[in-house]
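Below is one structure, written out as structure tokens; comments come after it.
Laboratory data are not the source of any read-out in this text; all were calculated from the coordinates shown. None of these values were measured; they are calculated from a predicted model. Backbone-built Cβ (ideal geometry, glycine too); neighbour counts: all protein chains shown.
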Amino acid sequence: MSYNIKYDNVNDTVNNWNFRKEAMVQLILHYGPQFVGMQEVVHNQLEYLDEHLPDFAYIGVGRDDGKQKGEYSPILYNTNAFELIQANTFWLSPTPEKVSKGWDAALERICTYGRFKDIQSGKELYVLNTHFDHVGETARANSVRLILHKIQEINTENLPVVVTGDFNLEPDSEPIQLMQRELTDGQTATQTPFYGPTGTFNGFDQDMVLDRRIDYIFVENLMVRSYLHIDDRMENNKHISDHLPVLAELEIE
């Protein structure tokens, strides 16, 4: 699952985190993903999710200081099914190993990744999760190149790879088309027909036509059984976040 959960904006009176958090936990428990790549997660949200999803642990750091400050792009994983082998975070910039802002980006941006082992089968895979800048066009283009380079660098054994993220880019953009050439867009490879609205961004607008796709799950060396954009809402018809979660069922070939 890839899910931008919308950061805890204390000034948001209508779509405040406190009104949404229980529904979000219920959604994750219902769909039961083994991995959730999240975006816009600040530390108190991460603590809440960690406490209320007891089968999950997380990897990741805050982008402002490499510790707990600022937004995380954490990966939650089911500890009953997967064991963490290795984890790291790099910044989407020319100096990825240290806290930094890249190119024309408005903010620091990161990619968190882990190498995981399936406890039952012993098979391993890499999961990467990211959130691209919303302003910098050069930053978004270079972020794709950096992530593809990082995959080449770390994945010397040609293991399966999953990349989740809010890319702040639509499918017709050049950077997304580069991702689609180098990796497999889960939506185009799904064996059962894609299900859900075309888009993933809703802006907390209950009446918006959901046609803006900016959240993705890309894969390598994996079969895509199904691919969904989940438009589940709260009882008052409000959205749980300003993005829809993306859910893919994957199988190691």
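Can you work out ³J(HN,Hα) from phi for every residue in the range 122-127, in order, using Karplus 6.51 cos²θ - 1.76 cosθ + 1.60 and θ = phi - 60°, giving whole Hz and x for Gly and Pro?
Ordered by residue, 3J(HN,Hα) equals x, 6, 10, 7, 9, 10 Hz.
Collect residues whose amide H, placed 1.01 Å from N in the peptide plane, falls under 5 Å from the amide H of GLN68; neighbours closer than 5 in sequence don't count.
GLY62
Between ILE110 and residues 5 or more places away or on another chain, which pairs have amide H atoms under 5 Å apart, with H built 1.01 Å from N, and which residues are they?
LEU92, HIS131
So how long is each side of the chain along the principal axes, counting just the alpha-carbon atoms, biggest first, in Å?
Answer, in whole Å and largest first: 48, 41, 36 Å.
Which residue, PHE201, VAL14, GLN152, has the largest displacement toward the positive end of the dipole of the chain when charges sit on each Cβ (Lys, Arg +1; Asp, Glu -1)?
Among PHE201, VAL14, GLN152, the one farthest towards the positive end of the dipole of the chain is GLN152.
Using the Cα centre of the chain as the reference point, and only Cβ charges (+1 on K/R, -1 on D/E), how large is the resulting charge dipole? Debye, rounded to the nearest 20. Let's see the in-between values first.
Values: 21 positive and 39 negative charges, 73 e Å.
For the chain, the charge dipole is close to 360 debye.
Could you state the per residue volume, in Å³, of the convex hull enclosing the Cα atoms of the range 1-132?
On the way: hull volume 13.6 nm³, N = 132.
Taking the convex hull of the Cα positions in the range 1-132, it is 103 Å³ per residue.
Give me a comma-separated list of calculated 3J(HN,Hα) values for the range 80-87, in order, Karplus coefficients 6.51, -1.76, 1.60 applied at θ = phi - 60°, integers in Hz, x for any Gly or Pro.
6, 10, 10, 10, 7, 9, 7, 9
Less than 19 Å apart at the alpha-carbon level, and either on another chain or at least 8 residues along: which lysines does that give for LYS98?
Straight-line reach from LYS98, under 19 Å: LYS67, LYS69, LYS150.
Provide the three semi-axes, in whole Å and in decreasing order, of the ellipsoid equivalent to the range 58-113 as defined by the square roots of 5 times the Cα gyration tensor eigenvalues.
Numbers: eigenvalues 114, 23, 14 Å².
One finds semi-axes of 24, 11, 8 Å for the range 58-113.
How far, in nm, would the chain grow between THR138 and PHE194 when pulled straight, counting 0.36 nm per residue and subtracting the alpha carbon separation? Before the final figure, lay out each step's value.
Numbers: separation 56, 0.36 × 56 = 20.16 nm, distance 3.08 nm.
Once the chain is fully extended between THR138 and PHE194, it gains 17.1 nm.
HN-Hα J couplings of the range 208-218 from phi, Karplus 6.51/-1.76/1.60, θ = phi - 60°, integer Hz, Gly and Pro as x?
Whole-Hz 3J(HN,Hα) from phi for the range 208-218: 5, 6, 8, 10, 9, 8, 10, 10, 9, 10, 9.
5 Å is the cut-off here: which amide hydrogens, built 1.01 Å from N in the peptide plane, fall below it relative to LEU183, excluding neighbours closer than 5 in sequence?
Residues meeting the criterion, in which the H sits 1.01 Å from N, do not exist here.
Pulled fully out, how much extra length does the chain show between GLU235 and ASP205, if you take 0.36 nm times their separation in residues and subtract their Cα-Cα distance?
Computed gain between GLU235 and ASP205 is 9.3 nm.
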